[in-house]
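Written below as structure tokens is the structure these notes are about.
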Amino acid sequence: MKYNPNKIEKKWQDKWYKSDIFYAKNGSKSKKFYLLAEFPYPSGDGLHVGHCRSYTALDIIARKKRMEGYNVLFPIGWDAFGLPTENYAIKKGIHPSVATKKNTDTFRRQLKSLGYSFDWSREINTTDPEYYKWTQWIFLQLFKNGLAYKSKIAINWCSSCRIGLANEEVVLGKCERCGTKVEKKEKEQWLIKITEYAERLIKDLDLVDYLEKIKIQQKEWIGKSEGSLVKFPTEGIDNFIEVFTTRIDTIFSCTFLILAPEHKFIDRHKNKIQNIEEVLEYREKSKNTPDAERTNEERAVSGVELKGIKAKNPATGEEVPVWTADFVLGHYGTGAVFADAHDKRDFDLAKKQGIPLRTSIEPADKNIAVKVKTLEICFEGEGILYNSMQFNGLSSAQARSKIISWLGEKGMAQNKTNYKLRDWVFSRQHYWGEPIPLIFCSKCGWQAVAEKDLPVKLPKVKKYKPTETGESPLAEIKNWINVKCPKCKGKAKRETDTMPNWAGSNWYYLAYAFAKNGKYNWDDKKIKYWMPVDWYNGGMEHTTLHLLYSRFIFKFLWDIGAFPKSIGPEPYKKRASHGMVLGEGSVKMSKSKGNVINPDKVVKEYGADTLRVYEMFMGPFDQMIPWDAKGVVGARRFLEKIYKLFNRKKLNKSNAGIELKKIMHKTIKKVSEDIGEMKFNTAVSSMMEFVNAWNISDKDLSEKDSEDFLKILSPFAPHLAEELWFGAKFKGLCCNQKWPKYNTKLIEEEKFLLIVQINGKVRDKIEAKAGILEKEAKNLALSSEKIVKWMEGKEPKKIIFIYKKLINIVI
RNA sequence: GCCCAGAUGGCGGAAUGGUUUACGCGUAGCACUUAAAAUGCUAUGAGCUUCGGCUCAUGUGGGUUCGACUCCCACUCUGGGCACCA
């Protein structure tokens, strides 16, 4: 009989998916385990082998946990709103929902063809009105709690997609999706106050078990910096210009101020700035400089003085000039800085424009100190203060707190914490997203749609294309837009913007707790039972987007009591991440390179189990790894060997070998531990070693050992394990069995290879009893011919003995 | 520029203070075959060798240690993230 995976796999998948064996049981008394894999965006390209890698890994964990007696929730669904589907629909002239249906059907078929043990009864779809009813409900709660507001802001505008982009969607000044240069455009947008949660989003990372690099990336993205606000009086104009600084210890060297070109001070005092035309011209120029060009490191600093404007340094009482320069950002801090010789950009600008400079921080290195004082080089580090009145001689750190309290007493300075994180632009001018459930009334302002009227369904339109003006296509459907104001019943209009991609994935982990066959009945009890997620796996690319957003939304829902408080303020207990699968030669897989591996083809040619085993074996799970078509063959050979051994040497109990049993138990130990640590590659290799040992042995496996082997194989190659389990006439389904335990006694070896070193170099290897101590080991070593030769008659100076490992003789 | 991760045979990798190169791929030889494929077995880091072995090798240079792929310092390169953040 030949191993025929196509036949075997279909058979077992039918059996599994027609039953409820992979269904999670709400409220079961067994210990729950919620294992979450990021749900896919169902693109028209179908499943990627990268999806298979992470889903196989999690499927292995889910199957093992189930065998260990946990009540496992391992769900799947579709994050289906978004631009690619919309663009596809526009191109093909079909409704995006039709494209979505087609794509999800493909994904579902592909995922099932790989035998994943998802709970398909809880499948979710973010584009289902029953689902987005809750997405809209969450938005309304944000709105009602004052966390959603509309504001005219300069947004990142992609002229090709005709869409406003969140900062997170701009990569190196280009649109993340299409690569077009992003422009600045003023537009009314809905924003969400994620910044109010900045501190908690940092602090609560202490409560969770995330990979350290994920925590670091989140913290860096939020970008907390502690400093102070300092007032620079501007007599006769405004009262003062306020600046943010983390280096108030350098204030005595401040010789000028710099404002961001867009700073409102300039607008307020146009008539007082003598060279206002020049200043406005500079502002226009900097506005049109795309961020991409700013990344040019060699770009020289530029700036313009606001002539006729002076400010007073609150520390020295000196009058200093005020400049504007585009390296000062309007949206960070107060949009204004004080400038001095201890900042590289300030230093460069001053040198270039002939602005006077003065130093006040002395570096520890005397040679550098000389060059700093003569303004030959710019010193940005910390040191000892001079030129700083009563603060002379203090270190930078000491001086900072003293200067703040000194200026603070005069009302000129205070402590201040700043974050790089900005509020989240939440509206999109596109069709294929959740409508924002708000109504604008010219009398009453923005009003929430009544909760009983949710969902606000997407209306049918003829054209999905964004309009020339950049407005959403919904803006053209008059009978949908025009509604009554929920408050005064007068004429009002619906918001026509839709929500961004992230809206649906902000809360989907909650949906799985209560979703059933396409119905979404929010259920506190079920949420309480399943949440938080025990183990969440996804890509590193979502660390600063989805992961941060969803943590924020969860915290918000927790705050307003949308589910029981006892769950705690964090949605995910543990977060791990997988490495990408690259094309051969370590380049990214892409259609244009023609190196995309289609999982369907691999399944057809080699079988699902082969694909699963190969993707686990190819390398460490968290690392990027190139696809190797030849490597797939190795996985297939491994499975074939197992199939042959089970059929050829079918359970010859009388010939069972104790040596094989020992290796079996070592393998159980290794595989059990490795799965928990996501070291799937070494788990597979240890099973390969076992099979090799069995193959060359003239003994066979006992019935118990065969059972155990199939059980540990089954998470990796579930179809083959099931087939062989059935073929051996074992009871029930293999995937329903109890995970095997290893016997410690069987793992202990009676003998070992004693490594004998002389001066740390291996000179002999002697087989010895496992229990021997130093004395016996020494005798054994010194009686070896080779060792005697190497000793050259010398006496050992020192002997190091490591139990069960080696003996090192130092001469 | 800053932060994080990494560098081991022809290739993917294993080993986290104690036999470097497990497992897999590839390659070579042998067996089976009319032949090929498939399969099985054997060999496979480099150099030297009197065929007993010896020497060298985990990016580079130092250090700690009886002993370093592993720990420490400096550097080079590769990948990822952030970046005019005051």
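A few comments on the model shown:
- Restricting the stretch A:750-795 to residues that are in contact (Cβ under 8 Å) with a residue 24 or more places away in the chain and within 30 Å of A:Ile668 (Cα to Cα), the residue that is nearest to RNA strand B (Cβ to nearest atom) is A:Ile755.
- Pair list, Cβ < 6 Å and 6+ apart or interchain, from the stretch A:215-242 residues that are of a type in the set (D, E, K, R) to residues that are away from RNA strand B (no atom under 15 Å from the Cβ): A:Lys231/A:Phe240; A:Lys231/A:Met412
- Where A:Lys457 falls short, out of the listed (1) in a loop (DSSP other than H, G, I, E, B); (2) open to solvent by less than 30 Å² (accessible area, probe 1.4 Å); (3) modelled with pLDDT of 95 or more: (2)
- Residue satisfying condition, being surrounded by 15 or more Cβ atoms within 10 Å (Cβ to Cβ) and either more than 16 Å from RNA strand B (Cβ to nearest atom) or without any contact (Cβ under 8 Å) to a residue 60 or more places away in the chain (or both), within set A:Lys416, A:Lys410, A:Lys402, A:Lys443: A:Lys402
- Among the numbered conditions (1) more than 46 Å from the chain's Cα centre (by Cα); (2) loosely packed, with under 11 Cβ neighbours inside 10 Å, the only one that A:Gly732 does not meet is (1).
- In summary, helices (runs of 4 or more DSSP H) completely within the stretch A:115-227 and bearing 1 or more residues that are surrounded by 14 or more Cβ atoms within 10 Å (Cβ to Cβ) and more than 21 Å from the chain's Cα centre (by Cα) occur at A:129-144.
- The listed residues are A:Lys64, A:Lys10, and the only one of them that is farther than 19 Å from A:Lys516 by Cβ, in contact (Cβ under 8 Å) with a residue 24 or more places away in the chain, assigned to a helix (DSSP H, G or I) and not β-branched (Val, Ile, Thr) turns out to be A:Lys64.
- Verdict on A:Thr544 being within 24 Å of A:Asn125 (Cα to Cα), touching a Ser or Thr at 6+ places or on another chain (Cβ under 6 Å), of a type outside the set (D, E, K, R) and not in a helix (DSSP H, G or I): no
- Residue pairs meeting the criteria (Cβ under 7 Å; at least 6 apart or on separate chains; first part of a helix (DSSP H, G or I), in the stretch A:663-683; second of a type in the set (D, E, K, R)): A:Met664/A:Asp705; A:Met664/A:Asp708; A:Ile668/A:Asp708; A:Ile675/A:Lys64; A:Phe680/A:Asp674; A:Thr682/A:Asp674; A:Ala683/A:Lys670; A:Ala683/A:Asp674
- Helices (runs of 4 or more DSSP H) completely within the stretch A:232-318 that count 3 or more residues being open to solvent by 80 Å² or more (accessible area, probe 1.4 Å) and modelled with pLDDT under 95: A:276-287
- Among the conditions (1) away from RNA strand B (no atom under 16 Å from the Cβ); (2) at pLDDT below 95, the only one that A:Asp698 does not satisfy is (1).
- Filtering the stretch A:309-352 to residues that are more than 24 Å from A:Leu385 (Cβ to Cβ) and out of contact with any strand residue (DSSP E or B) (no Cβ under 6 Å at 6 or more places or on another chain) leaves A:Asp326, A:Phe327, A:Leu329, A:Gly330, A:His331, A:Tyr332, A:Gly335, A:Lys352.
- Meeting the requirement of 3 or more residues that are out of contact with any helix residue (DSSP H, G or I) (no Cβ under 8 Å at 6 or more places or on another chain) and either over 18 Å from A:Glu9 (Cα atoms) or open to solvent by 10 Å² or more (accessible area, probe 1.4 Å) (or both), the helices (runs of 4 or more DSSP H) wholly within the stretch A:582-653 are A:629-648.
- Scanning the stretch A:675-692 for residues that are more than 9 Å from RNA strand B (Cβ to nearest atom) and surrounded by 16 or more Cβ atoms within 10 Å (Cβ to Cβ) yields a total of 5.
- The residue list A:Trp16, A:Trp78 contains one member that is within 23 Å of A:Met616 (Cα to Cα) and open to solvent by less than 60 Å² (accessible area, probe 1.4 Å), which is A:Trp16.
- Annotation for the stretch A:151-164: no member residue is within 14 Å of RNA strand B (Cβ to nearest atom) and either touching a His at 6+ places or on another chain (Cβ under 6 Å) or of a type in the set (D, E, K, R) (or both).
- Of all residues making up the stretch A:329-341, the number that are open to solvent by 10 Å² or more (accessible area, probe 1.4 Å) and under 30 Å from A:Ala369 (Cα atoms): 2
- Residues in the stretch A:232-282 that are in contact with a strand residue (DSSP E or B) (Cβ under 8 Å, 6 or more places away or on another chain), more than 15 Å from RNA strand B (Cβ to nearest atom) and among the charged types (D, E, K, R): A:Glu235, A:Lys272, A:Glu278.
- For the condition within 22 Å of A:Gly50 (Cα to Cα), at pLDDT 90 or above, near RNA strand B (Cβ under 8 Å from one of its atoms) and of a type in the set (Lys, Arg), A:Lys641 does not qualify.
- Check on A:Leu701, touching a residue at least 40 places away in the same chain (Cβ under 8 Å), within 24 Å of A:Glu749 (Cβ to Cβ) and open to solvent by less than 10 Å² (accessible area, probe 1.4 Å): yes
- Inside the stretch A:504-544, residues that are open to solvent by less than 10 Å² (accessible area, probe 1.4 Å) and within 16 Å of RNA strand B (Cβ to nearest atom) make up a count of 3.
- Members of the stretch A:563-578 that are assigned to a loop (DSSP other than H, G, I, E, B) and open to solvent by 10 Å² or more (accessible area, probe 1.4 Å): A:Pro564, A:Gly568, A:Pro569, A:Glu570, A:Lys573, A:His578
- Residue tally, condition away from RNA strand B (no atom under 15 Å from the Cβ) and either more than 28 Å from A:Val603 (Cβ to Cβ) or not in a helix (DSSP H, G or I) (or both), over the stretch A:709-718: 2
Table: residues versus (1) more than 30 Å from A:Ser286 (Cα to Cα); (2) within 15 Å of RNA strand B (Cβ to nearest atom); (3) part of a helix (DSSP H, G or I); (4) open to solvent by 40 Å² or more (accessible area, probe 1.4 Å).
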{"residue": "A:Asp348", "(1), (2), (3), (4)": "no, yes, yes, yes"}
{"residue": "A:Pro356", "(1), (2), (3), (4)": "no, no, no, yes"}
{"residue": "A:Asn367", "(1), (2), (3), (4)": "yes, no, yes, yes"}
{"residue": "A:Glu376", "(1), (2), (3), (4)": "no, no, no, yes"}
{"residue": "A:Gly393", "(1), (2), (3), (4)": "yes, no, no, yes"}
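- Test result for A:Tyr386, among the aromatic types (Phe, Trp, Tyr), open to solvent by 30 Å² or more (accessible area, probe 1.4 Å) and within 14 Å of RNA strand B (Cβ to nearest atom): no
The values are calculated or read from the model by the stated rules, or taken from the named source; none is laboratory data. Because the structure is a prediction, the values reported are computed rather than measured. When we count neighbours, we look across all protein chains shown, and the Cβ atoms used for this are built from the backbone with ideal geometry, even at glycine. Accessible surface areas use protein heavy atoms only, side chains included; no ligands, DNA or RNA. Shrake-Rupley method; radii C 1.70, N 1.55, O 1.52, S 1.80 Å.
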